[in-house]
There are 4 protein chains.
Amino acid sequence: MDIKLLQQRLRLFAEERNWNQFHTPKNLSMALAAEAAELLEIFQWLTDEQSQNIVNNEKEMTLIKEEIADVLIYLIRLSDKLGIDIEKAALEKIVVNEKKYPVHLSKNNATKYNKR
Amino acid sequence: MDIKLLQQRLRLFAEERNWNQFHTPKNLSMALAAEAAELLEIFQWLTDEQSQNIVNNEKEMTLIKEEIADVLIYLIRLSDKLGIDIEKAALEKIVVNEKKYPVHLSKNNATKYNKR
Amino acid sequence: MDIKLLQQRLRLFAEERNWNQFHTPKNLSMALAAEAAELLEIFQWLTDEQSQNIVNNEKEMTLIKEEIADVLIYLIRLSDKLGIDIEKAALEKIVVNEKKYPVHLSKNNATKYNKR
Amino acid sequence: MDIKLLQQRLRLFAEERNWNQFHTPKNLSMALAAEAAELLEIFQWLTDEQSQNIVNNEKEMTLIKEEIADVLIYLIRLSDKLGIDIEKAALEKIVVNEKKYPVHLSKNNATKYNKR
């Protein structure tokens, strides 16, 4: 199921429950940030190595999948409310990033372009 | 361009810059939360009505599009690192939500299922 | 009990449990952001008016108090690790803000100084 | 300068600018989370070791101090609006944590009490 279909299904979900009253861009930005932070919480005390090995922990992976889904769901809702095509927006940003972070300046160096 | 193609393009972007050393699940969860919070900042002092009218403000919309793109980009990277299909995960979560929030209990009521 | 005493007590708490291995500045910044987002979640679907009336809801206020405490606890731990005096830092920032947001430009206007 | 005095000074700051209209608990929870995320961003690509050595980087430390100050400022404002004594709340939470994380169960183990 692709983004467009997920967007329609989420729109229907909100309409059936009369939840558009809650789904203002402001509130959706809050819900999105709250869900992103739940992912953060899973990783907060792990070493980098432990964070990579988490793929072998079925219980944690189930939780991570749910949190990632929540982030995508609110991102789609917010974008729908604002009339933004998220896949197009991401592609455009990638093109911008390719210019901001040319390979010769960014090899092995993740420093933000304006701090380099 | 769909999620799968964005994922491949982002993977190539990271490989060319040798950025996989930075892109641990832990670090990506941080970058994702930081970007989600930049969206939050845009809306923090706006009334609900102002947050809805923001679609008429071209300058703010350009900024919002970029932040939404950043969230999607890190969400795709994180999912790629963990082997998670985000569209499938979102669909599965929607099915769960339809059960947790049946229309007759959730009409006009966004209270979390475990607080209802 | 003031900040300095809380800081000492939290230091002892971490030492007794041998938790300094987890309390790197990086990890503490994650824990701090995760706790701040739990506050966010409490308010995400409330209107401004409901968010103000929450003071009359004892159950919610107990929860809010705990989340606010968690934010302060991690803020103190992070500052302790980095050798920062948070009360002094806040005072210095207030002085900066008084210059960035002079009354005649900021009256009824919360626009960020660099966007004004 | 202690928390009580900072609180009074911040209250005056908001009154002079007529900013209480913006400082609803909801909006302050957003501002708090946004500032916490700016700390996160500073640490996101650093190794644990680099995050500890940041104390030797004067430029980064200046930035960190400002972000930590911003978090404390919004935490104090939010608590003032809700009538919460943050130092008392933190102390009470520490007492709770001492019970939830007894030394014999938590030594070298930061696992959340409800997942242990």
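Taken together, the values in this text are just the output of simple stated rules run on the coordinates, not laboratory data. Remember, it's a predicted structure, so these values are computed and weren't measured experimentally. In this analysis, Cβ positions are derived from the backbone assuming ideal geometry, glycine residues included, and neighbour counts consider all displayed protein chains.
Some notes on this structure:
- Per-copy distances of the residue C:114 label point, shortest first, in nm (7 angstrom along Cα→Cβ): 0.5, 3.9, 3.9
- Shortest-first nm distances, residue C:52 label point to equivalent points in other copies (7 Å, Cα→Cβ): 2.0, 4.9, 5.3
- Rounded to the nearest whole angstrom, the semi-axes of the ellipsoid equivalent to the stretch A:1-49, taken from the Cα gyration tensor as √(5λ), stand at 29, 15, 8, largest first.
- Degrees between helix A:3-16 axis and first principal axis of chain A (Cα, 0 to 90, nearest 10): 40
- Dipole in debye (nearest 20) - the stretch C:1-79, about Cα centre, beta carbon charges: Lys, Arg +1; Asp, Glu -1: 540
- Cα-based helix-to-principal-axis angle, D:58-82 vs chain D, degrees rounded to 10: 70
- Pairwise centroid distance, computed over Cα atoms, of the stretch A:40-116 with the stretch B:69-99, Å: 11
- Each copy carries a label point for residue A:102 at 7 Å from Cα toward Cβ; from one copy, the others' points are 4.2, 6.2, 6.3 nm away, ordered from shortest.
- Here the residues D:81, B:88, ranked from fewest to most Cβ neighbours within 10 Å of their Cβ, fall in the order B:88, D:81.
- Rounded to the nearest 20 debye, the dipole size of the protein assembly as shown about its Cα centre is 0 debye, using +1 on the Cβ of Lys and Arg and -1 on the Cβ of Asp and Glu.
- Top positive-direction residue, dipole computed over chain C with Cβ charges, set C:14, C:55, C:113: C:113
- Size of the protein assembly as shown from its Cα atoms: along the principal axes, largest to smallest, the extents are 55, 44, 44 Å.
- Which of C:51, D:29, A:79 has the fewest Cβ neighbours within 10 Å, and the rest in rising order: C:51, A:79, D:29
- Taken along the Cα-to-beta-carbon direction at a fixed 7 Å, the label points for residue A:85 and residue A:52 span 3.8 nm.
- Whole-number D in µm²/s for the stretch D:3-84 (Stokes-Einstein; Kirkwood sum over Cα pairs; 10 °C, 1.306 mPa s): 113
- Principal-axis tilt of helix B:25-43 within chain B, Cα atoms, nearest 10 degrees: 50
- Placing R0 at 60 angstrom, the Cβ-Cβ distance between residue A:113 and residue C:5 gives a FRET efficiency of 0.85 after rounding to 0.05.
- Once both labels are positioned 7 Å from their Cα atoms along Cα-to-Cβ, the gap between residue B:104 and residue C:20 label points is 6.0 nm.
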